[in-house]
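The values are calculated or read from the model by the stated rules, or taken from the named source; none is laboratory data. Note that the coordinates shown come from a computational prediction; the quantities given were computed from them, not determined experimentally. Note: ideal-geometry Cβ built from the backbone for every residue, glycine included; neighbour counts use all protein chains shown. The protein model used for the area step is the full one, side chains on, heavy atoms only, and it has no ligands, DNA or RNA in it. Shrake-Rupley method; radii C 1.70, N 1.55, O 1.52, S 1.80 Å.
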Amino acid sequence: MVETTGGGPQDGAAEVLDRPLPDGVRRRVVQIVSDGFGGLTVGELPAQLRQYARFAPNRRIKFAGNAMASALETDPLFRQRIGEKLREAQPELTGALDSGSPPPAADPLDVAAAAYVLRPAGWVKLVAAAGEEAQRADAERADEENRAELERLRAELARAREHTRTETERLRSELDAARKEAESLHRKLRSALSDVKRGQAALRKVQAELETVRSDSHAQVSAAESETRRIKARLGETEAALEAARRAAREGRSVEDMRVRLLLDTVLEAAQGLRRELALPPVSVRPAETVDAVEPGRMTPKDIAARALSEDDPAILDQLLALPQAHLVVDGYNVTKTGYPQMPLEKQRLRLLGQLAQVAAQTGAEVTCVFDGAELAAPVLLAPPRGVRVLFSKPGVTADELIRQLVRAEPPGRPVIVVSTDREVADGVARAGARPVASAVLLKRFSKA
């Protein structure tokens, strides 16, 4: 947003802003336009803003922010009307700006935004000063966030190590118990086999005796045969019961082993990913390190910081998606209205889903795209691409709330990346343990593919 209109030197209209309007000042300017928007009639609004006349203030800022900023820049009459509404709403601040002495205690962003709308003498300096102040504040806040993230990752690593140690001890205990149970089953099996052998020996003895006394008593032979059949039946039942018990024990152990192995693999992959992410040094001294020699110069913390990725580098998204079991949640309309707002909604959705399908195929991560369906009269008909889950919010539920529900549904510790420029969504998912990423980063990632 760069002002190019001219005017008299006394009222500041001839001054020109030689750089883009700072983001913080731009947001305040859009808020001022939105506040004054409701006090104007439809006829007083520029043609491109009349479609947003019935929008609520928050939705007006969200969907018409760019249009309001453009109209304020290009339409002097509209800017004059917004300035009049601002004078009515904040007479003290606007009066101080008109007198050339802005209040020292006022927020620099508010002062710069009001100066941009009213265009008093020296307004360009106020906007530039507010931009520098906002940059300093953003840098300090980013530094604090990075330190907090590092501490959080260290704490998670410690918890993961402790959890791994606990799980290892538990698995060892379960393994010992399984071994004891197997030994008990082996003893029982040996005892059963011994019983079978004794029974077989007794049977052979009975058969020999039957052969000896066959001529004396056919009734005794029949009784002996009946007893033999009964013993065989009991032996068969015993063997069947033993085999069923062994099969049940084997199946129970295999399912539990599978779950334990899956959990152990997840923990190991997460620990390895954290070790690569934090570049942890080895914990033991190598024999070669004890030899006296001249070593090359080491990298300083400043050199290491120079290699770090910035928050708007799309490579940081690739690193996050490379984490084990990563889940990418995308605020659909937030991304499309940032990247290509001029397209119809249907084409916006199709273009975004096609690009997300490529990301899913390249990274193997789970991908969920959420669209706002609160105002839809009927469900949207589309065929989701392979590897992308498409969700619309229910009536009365916004896409932002649906995204927060998806994040809360994930288990603690799973890497969840949420793509949205909406600050309220980013703060909410960050508190729930997810990693927010700006929509511009994903759009840059698309352009690289």
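List every residue pair whose Cβ atoms sit under 7 Å apart, with the two residues 6 or more apart in sequence or on different chains, where the first one lies in segment 77-95 and is touching a residue at least 24 places away in the same chain (Cβ under 8 Å) and the second, anywhere, is not in a helix (DSSP H, G or I).
What qualifies is 78/46; 81/40; 85/39.
Could you say which residue among 391, 402, 382 is within 25 Å of residue 61 (Cα to Cα), aliphatic (A, V, I, L, M) and in contact with a helix residue (DSSP H, G or I) (Cβ under 8 Å, 6 or more places away or on another chain)?
391
Quick one: how many residues across segment 407-433 are assigned to a helix (DSSP H, G or I) and crowded, with 16+ Cβ neighbours inside 10 Å? Full working, then the answer.
Initially, segment 407-433 is screened for residues assigned to a helix (DSSP H, G or I), giving 407-409, 423-431.
Okay, now just the ones that are also crowded, with 16+ Cβ neighbours inside 10 Å, so 407, 425-426, 428-429.
Here the count works out to 5.
Here is a yes/no grid of residues against (1) out of contact with any Ser or Thr (no Cβ under 8 Å at 6 or more places or on another chain); (2) open to solvent by less than 10 Å² (accessible area, probe 1.4 Å); (3) in contact (Cβ under 8 Å) with a residue 40 or more places away in the chain:
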residue	(1), (2), (3)
344	yes, no, no
353	yes, yes, no
359	yes, yes, yes
363	yes, no, yes
373	no, yes, no
380	yes, no, no
385	yes, no, no
402	no, no, no
405	yes, no, no
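Answer yes if at least one residue in segment 188-202 is more than 30 Å from residue 268 (Cβ to Cβ), surrounded by 10 or more Cβ atoms within 10 Å (Cβ to Cβ) and among the acidic types (Asp, Glu), and no otherwise.
At the first step, the residues of segment 188-202 found to be more than 30 Å from residue 268 (Cβ to Cβ) are 188-202.
When the remaining residues are screened for being surrounded by 10 or more Cβ atoms within 10 Å (Cβ to Cβ), the result is 188-202.
Pick out the ones that are also among the acidic types (Asp, Glu) and you get 195.
Yes; the residues of segment 188-202 include at least one that is more than 30 Å from residue 268 (Cβ to Cβ), surrounded by 10 or more Cβ atoms within 10 Å (Cβ to Cβ) and among the acidic types (Asp, Glu).
If I filter segment 172-183 for residues that are more than 30 Å from residue 78 (Cβ to Cβ), among the hydrophobic types (A, V, I, L, M, F, W, C), modelled with pLDDT of 75 or more and open to solvent by less than 40 Å² (accessible area, probe 1.4 Å), do I get at least one hit? Spell out the reasoning first.
Taking segment 172-183 as the starting set, the residues that turn out to be more than 30 Å from residue 78 (Cβ to Cβ) are 172-183.
Retained after the next criterion (residues that are among the hydrophobic types (A, V, I, L, M, F, W, C)): 175, 177-178, 182.
In the following step, the residues that additionally are modelled with pLDDT of 75 or more were identified as 175, 177-178, 182.
Applying the additional criterion that residues be open to solvent by less than 40 Å² (accessible area, probe 1.4 Å) yields 178, 182.
There is at least one residue in segment 172-183 that is more than 30 Å from residue 78 (Cβ to Cβ), among the hydrophobic types (A, V, I, L, M, F, W, C), modelled with pLDDT of 75 or more and open to solvent by less than 40 Å² (accessible area, probe 1.4 Å).
Here's the yes/no breakdown for (1) within 15 Å of residue 127 (Cα to Cα); (2) basic (Lys, Arg):
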{"position": "21", "(1), (2)": "yes, no"}
{"position": "27", "(1), (2)": "yes, yes"}
{"position": "39", "(1), (2)": "no, no"}
{"position": "52", "(1), (2)": "no, no"}
{"position": "56", "(1), (2)": "no, no"}
{"position": "72", "(1), (2)": "no, no"}
{"position": "83", "(1), (2)": "no, no"}
{"position": "91", "(1), (2)": "no, no"}
{"position": "95", "(1), (2)": "no, no"}
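Restricted to segment 387-400, and to residues that are of a type in the set (A, V, I, L, M) and farther than 21 Å from residue 426 by Cβ, which residue is least open to solvent (accessible area, probe 1.4 Å)? Before you say what the answer is, go through the steps one by one.
Taking segment 387-400 as the starting set, the residues that turn out to be of a type in the set (A, V, I, L, M) are 388, 390-391, 397, 399.
With the extra rule that they be farther than 21 Å from residue 426 by Cβ, the set shrinks to 388, 390.
Details: 388: 12, 390: 28 Å².
Per the criteria, the residue is 388.
Check whether at least one residue in segment 417-436 is in contact with a His (Cβ under 6 Å, 6 or more places away or on another chain), of a type outside the set (Phe, Trp, Tyr) and closer than 16 Å to residue 370 by Cα, and report yes or no. Give the derivation first.
Step one: filter segment 417-436 for residues in contact with a His (Cβ under 6 Å, 6 or more places away or on another chain), giving none.
No, segment 417-436 has no match at all.
Evaluate segment 31-38: report whether one residue or more is modelled with pLDDT of 75 or more, touching a Leu at 6+ places or on another chain (Cβ under 6 Å) and assigned to a helix (DSSP H, G or I).
Scanning segment 31-38, I find at least one residue that is modelled with pLDDT of 75 or more, touching a Leu at 6+ places or on another chain (Cβ under 6 Å) and assigned to a helix (DSSP H, G or I), so the answer is yes.
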